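Peer 1: Below is the structure I would like to discuss, written out as structure tokens.
Each reported figure results from applying straightforward, stated rules to the coordinates on display, with no laboratory input. Predicted, not measured: the structure shown is a model, and the values here were computed from it. Positions of Cβ are backbone-derived with ideal geometry, glycine not excepted, and every protein chain shown enters the neighbour counts.
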Amino acid sequence: MPNEQDLIQRLLKGEQAAYRELVQQYQGAMRAVAIAIVGTASADEVVQDSWLAVVRNLNGFAGRASLKTWLLTITANTAKSRLRKQRREVLLDDITGPHGTIDDARFAADGHWAQAPSLWHTDSPEALLNEQALRDCLEHTLATLSELQRSVLMLRERQALELPDICNLLDISHSNVRVLLHRARLSVFATLEHFEETGEC
Amino acid sequence: MLKCKDLVALSSDLLDGELTLKQRIAVRMHLAMCVHCRRFIRQLRVSQRVIRQLPDQQAPELETLLRAMQAQQQRASEPDQGDSSK
Ligand SMILES: [Zn+2]
């Protein structure tokens, strides 16, 4: 990736604008990884420590992995070393958002929709996000998901990581990633549906 | 035959390209016949794009962080004073 090489060269020269670029581009992904491993309360500290480790080790970045993979691996390692042994066991929490999910109650006994999805007034994400109340509502839903669900969703949708990368970073199985992702998506869907139907959160 | 409920259960795997060939065919056949599930999948994709485009909540302490990184970087470029001081 030529742009990446260029950015790394500028970082090695100590160019401040390059550092700013780097942080702005990858901070979100690093935060999602940190939250998934240590929780929200310690995530910012982990991210900060990870950035300092990045600066210390930049010379050693061999370019075998992508820059993003390297940064996220450092973040995961920093987070794990803080975690010590008390890894949370409840991986497959079934926490849903404030507007529920698409569960059995929506289906008849024969497996067909009992309450079919309502038609939204638009299929345009931009149009939907135009409304401040909806943006707030989505933030609220994301905040009520479990930290692991939220992180998996962020890493997949916003950071476009592949599922195997998410498994590796967070030490969770492929099938668990799929379950977490599915639950998070259905909660988001339920929030949008609820907002479209009622106009409020 | 795949039921609507089964289709919803497979919907994330559909989005991520995780379906087996057999599942893919079953899903495609169901969607060809079921308007409700077509709407569900379409709007699920919309909600996926909504999450992608939801504005980022910018970390407030960016400047502090950048200063700390700059300090770290200067330490690193002066040999004998870096990590070995500990
Ligand atoms: Zn159906």
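Peer 1: First measure r as the distance between the Cβ atoms of A:Asp94 and A:Gln132, then evaluate 1/(1 + (r/R0)^6) with R0 = 35 Å and state the FRET efficiency to the nearest 0.05.
Peer 2: Values: r = 30 Å, r/R0 = 0.87.
It comes out at approximately 0.70.
Peer 1: Assuming R0 = 22 Å, what is the FRET efficiency of A:Ser42 and A:Thr73, from their Cβ-Cβ distance, to the nearest 0.05? Present the calculation step by step, with values, prior to reporting the outcome.
Peer 2: Values: r = 18 Å, r/R0 = 0.84.
Result of the calculation: an efficiency of 0.75.
Peer 1: Among A:Lys80, A:Lys13, A:Lys68, which one shows the biggest mean-square fluctuation in a GNM of chain A, springs joining Cα atoms closer than 10 Å?
Peer 2: Among A:Lys80, A:Lys13, A:Lys68, the largest mean-square fluctuation in the Gaussian network model of chain A belongs to A:Lys13.
Peer 1: Under a point spin-label approximation (7 Å from Cα along Cα-to-Cβ), what is the A:Arg10-B:Asp56 distance to one decimal in nm?
Peer 2: That separation, rounded to one decimal, is 1.5 nm.
Peer 1: Using the number of other C-beta atoms within 10 angstrom as an exposure proxy, rank A:Arg64, B:Arg38 with the fewest first.
Peer 2: Working: A:Arg64 7, B:Arg38 15.
So the ranking, lowest neighbour count to highest, is A:Arg64, B:Arg38.
Peer 1: Taking springs between alpha-carbon atoms closer than 10 angstrom, which of A:Gly63, A:Gly28, A:Gly39 fluctuates most in the Gaussian network model of chain A?
Peer 2: Ranking A:Gly63, A:Gly28, A:Gly39 by mean-square fluctuation puts A:Gly63 first.
Peer 1: Using R₀ = 25 Å, calculate the FRET efficiency as 1/(1 + (r/R₀)^6) where r is the Cβ-Cβ separation of A:Thr122 and A:Ala143; round to 0.05.
Peer 2: The pair A:Thr122/A:Ala143 has a calculated efficiency of 0.50.
Peer 1: Starting from the Kirkwood Rh over alpha-carbon pairs, what translational D in µm² s⁻¹ does the range A:1-113 have by Stokes-Einstein at 37 °C and 0.692 mPa s? Don't skip to the end; give the middle numbers.
Peer 2: Details: Rh = 16.6 Å.
The diffusion coefficient I find is 197 µm²/s.
Peer 1: Under a plain spin-label model, where a point goes 7 Å from the Cα along Cα-to-Cβ, how far apart in nm are B:Leu21 and B:Arg42?
Peer 2: Distance between the two pseudo-spin positions: 3.1 nm.
Peer 1: Per the Kirkwood definition applied to all pairs of different Cα atoms, how many angstroms is the hydrodynamic radius of the range A:104-198? Walk me through the numbers on the way to the answer.
Peer 2: On the way: mean 1/r = 0.0671 Å⁻¹.
Result for the range A:104-198, one decimal place: 14.9 Å.
Peer 1: In chain A, which cysteines lack any other cysteine Cβ under 4.7 Å from their own?
Peer 2: Isolated Cys, chain A: A:Cys167.
Peer 1: With labels modelled as points extended 7 Å from the Cα through the Cβ direction, what inter-label distance (nm, one decimal) is found for A:Glu200 paired with A:Asn3?
Peer 2: It is 4.4 nm.
Peer 1: When averaged across all projection directions, what area in nm² does the alpha-carbon convex hull of the protein assembly as shown cover? The partial results should precede the final answer.
Peer 2: Details: hull surface 69.6 nm².
Taking a quarter of the hull surface, the average projection is 17.4 nm².
Peer 1: Per residue of A:9-19, what is the mean number of Cβ atoms on other protein chains within 10 angstrom of that residue's Cβ? Display every interim value, and only then the final one.
Peer 2: Working: counts 0, 0, 2, 2, 1, 5, 0, 5, 0, 0, 5.
So the per-residue partner count for this stretch is 2.
Peer 1: Looking at chain A as a GNM with Cα springs under 10 Å, which of A:Asp49, A:Asp123, A:Asp165 has the largest mean-square fluctuation?
Peer 2: Maximum among the listed residues: A:Asp123.
Peer 1: Residue separation times 0.36 nm, minus the C-alpha to C-alpha distance between A:Gln25 and A:Asn168: what's the value? Write out the running numbers ahead of the final one.
Peer 2: Details: separation 143, 0.36 × 143 = 51.48 nm, distance 2.12 nm.
That pair, A:Gln25 and A:Asn168, stretches by 49.4 nm at full extension.
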